[in-house]
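Quick note: the coordinates plus some simple rules give every number you see, no bench work behind them. Treat the numbers as computed from the prediction; the structure is a model and nothing was measured. Reconstructed Cβ throughout: ideal geometry from the backbone, glycine too, with neighbour counts over all protein chains shown.
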Amino acid sequence: MKVYATEAIRNLAVIGHGDAGKTQLISSLLYVAGATPRWGKVDEGTTVTDHDEDSIARKITLNTALAHLEHKETKVNLIDTPGYAAFVSHARPACRVADCGVVVTDGVKGVEVQTEKVWNYANEFMLPRLMVVTKLDKEHSDIGIALDSAHNVFKRAIVPFTLPIGKEHNFKGIVDVVHMKAYEFDERGKAKEIDIPTEGRDVIDKTRERLVELVAESDDALLEKYFDQGTLDDSDVLPNIGAAIANSKLCPVFAVSTTNLVGLSTLLDHIIEFAPDPAHHDAEHGKNEKEEPESRKYSSSETFSAYCFRTIADPFAGRINVFKIFSGKVGTDATVYNSTRGTSERLGALHTTQGKQLDKVPEANAGDIIACVKLKETQTGDTLCDKAHPIIYDPVEYPEAAIAFAIEPKSRQDEEKISVAIQKEFLLAGSGQVHVESVVEKLKKRYSVEVMLHPPKVPYKETITQRAEVQGRHKKQTGGRGQFGDCKVIFEPLPRGEGFIFEDKIFGGSVPQQYRPAIEKGIIEAAQSGAIAGYPLVDFKVQLIDGSYHNVDSDEHSFRAAGRKAFRNAMEKVKPALLEPIMDVEITAPQECSGDIMGDLNSRRGRVQGQSTGAHGRDAQLPIDIELNHRRARIIPYAVLALRSGSGSACAENCSASEGRRTNPRRGRRVIVMSRRREQSVIIFRVTYSVKEIILVRRLRKA
Ligand SMILES: Nc1nc2c(ncn2[C@@H]2O[C@H](COP(=O)(O)OP(=O)(O)OP(=O)(O)O)[C@@H](O)[C@H]2O)c(=O)[nH]1
Ligand SMILES: [Mg+2]
């Protein structure tokens, strides 16, 4: 395989709502560019990126997958990402390493719930982006739906670069508004230039005007020129489009049909001409081993550094790590330094990834994406670099699992296999029910293990509700040297999500400096098993105010014990309480289900915070529910609940949960999408589950 210079690389994360057509877009682009001899189709299970058996069977993308093509001597790396709610968080690391996002939007449904979610991921990483409107060959499709909803939701400088010629099954060509040309496409997706149609000319001209305006607005000097001349020449517009996109001042929109190959070759041309290459980043920022800031430029002359954003467990090849090279270059068999873990790694062969197929490359430059197999220790989130010039990049955080199931082997035989397959981890957590089920299926297919799923226990925490001053005194005299530690501390409740704070308020030497951390350790240890029901105790502050010691008998161990004792004494006075996890839930559902859902939420102590109605899932997020009527409280996926409450089976299959817990309100959100039937008006509930800590404690105590 060829080696590409940084400027001849485009890294695109293809993101969007489930079923929008991301995988088919990639597959069709690969075919049009001649990267695959066969035209892969999602519906036939033959795409390059939906290659694992589970994706093929479900016809949805379950994790990120990579493909690449060459167009005009430029390598385009395409990262396919899932759009289905339970898996969509995998799109985040893709946004971290891509240089441009391709937001795929359904031409019939417009911007949907997960489109907004991935849009926010792209915002997080300041990812420039372009939008592709698919399915414009379908009945009821209309690029206007996508454009209007995108304007409403994203409030960005969104402007079509290509406009469709013909509608629905007559959608056969496009007008390239940037170069003012029109094309039709043959059955292999090849473009043939035609005259710009006279019909709809006013829309074309207006779009072109808007484009010029946006390019002018992206740069002060251009804007001045624009005001002077009343317009801008092509020689001013064309060279500045790339920068406007890279600086997120402009989001181009492309009209395509990926099943009829309309508009794709023009899209490729525009990607090469305008999408930012890796070097458009000023630099990648990280830190060195002394925690001092360090940065690297996307240049092959810098020292090597790379970030691992994906690890694939392949039944044949073993573990495959996929990296983006942030700086420098690397060759086959290089020995590099894993700065995250402080170990050396020998890379062996470097590969490009075409779905499940790996092809060797002799070397790779800054900006490129490569895969290595059978590295010793490297995991997703790790940095590899030059040992003499260490740098560590922050790993992309994954959302906390939203749902967990206890798993039980079906037979004794399965029990043995299970421990091999999942290393004795008998609780299976994931971002939603489908996520967990897909892992179970993998266990069955790959390791021939059959398991049953049970609802898990709710992960409660404990906290304190009152301030108290206590003493913790540990004294032991058993012949020989004794043990002595003594501390006086104040326990105080903290607001939710604050965790634990330890403050050393001792003035003078009542407890020698070196023993004070031991007191803190003792308290932390004791807090792990809580005060009521064995759950970790959180959200409290401890101030160390006084204590005493013994010249001979005091040591670290004794003060640790004193800390534990102080904790236990405090629990008598601070009125501990149980915290039930609560979550913000946003539910998008067809209007006719609203009564049922409302009743259901009320019966589950859900507190509805607001409602809005609209044609699109604005602000929509989220699903999972906690049922506390049962003594062993259980988490129930909303999907099941929706079915049970009679809200309609059509809804249930699209319900899923993601992310978070109460301790981090920003992340503590759940997604439920109850209907994809977009033509209907939907209703959105914003719900926060109430916490009745104290009451719950009493209830548990009686039980
Ligand atoms: N008619 C038509 N169908 C399309 C087009 N693009 C995609 N589809 C169909 O839409 C369905 C979903 O396409 P995918 O490419 O799997 O969608 P996706 O965005 O990858 O979905 P997830 O992986 O689940 O997030 C498939 O049945 C495709 O054949 C298009 O341009 N026209
Ligand atoms: Mg897909």
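Per-residue packing, averaged as other Cβ atoms within 10 Å, sorts the ranges 180-187, 5-12, 94-101 into the order 94-101, 5-12, 180-187, beginning with the highest. Can you check what the net charge comes to around Gly286, using other residues whose Cβ is under 14 Å from the Cβ of Gly286 (Lys, Arg +1; Asp, Glu -1)? Here the count lands on -4.
Net length available on complete extension from Lys475 to Thr332 is 45.3 nm, with 0.36 nm assigned per residue and the Cα-Cα distance removed. For the pairs Lys41/Lys138; Lys329/Lys360; Lys155/Lys356; Lys117/Lys360; Lys324/Lys387, note any where the Cα-Cα span goes beyond 27 Å. The answer is Lys155/Lys356; Lys117/Lys360. Using the Karplus relation 6.51 cos²θ - 1.76 cosθ + 1.60 with θ = phi - 60°, the per-residue 3J(HN,Hα) values for segment 258-274 come to 7, 8, 10, 6, 8, x, 6, 5, 5, 4, 4, 4, 5, 4, 5, 6, 10 Hz, with x marking Gly and Pro. The ranking of Tyr307, Tyr121 from fewest to most other beta carbons within 10 Å of each one's beta carbon is Tyr121, Tyr307.
Listed by chain and number, the aspartates and glutamates whose alpha-carbon sits under 17 Å from that of Lys374, ignoring those within fewer than 8 places in the same chain, are Asp314, Asp333, Glu345, Asp359, Asp382. When peptides 209-221, 269-281 are sorted by average Cβ neighbour count within 10 Å, with the highest value leading, the order is 269-281, 209-221. Distances between placed amide hydrogens fall under 5 Å for Asp486 paired with His474, Ser548, all partners being 5 or more residues away or on another chain.
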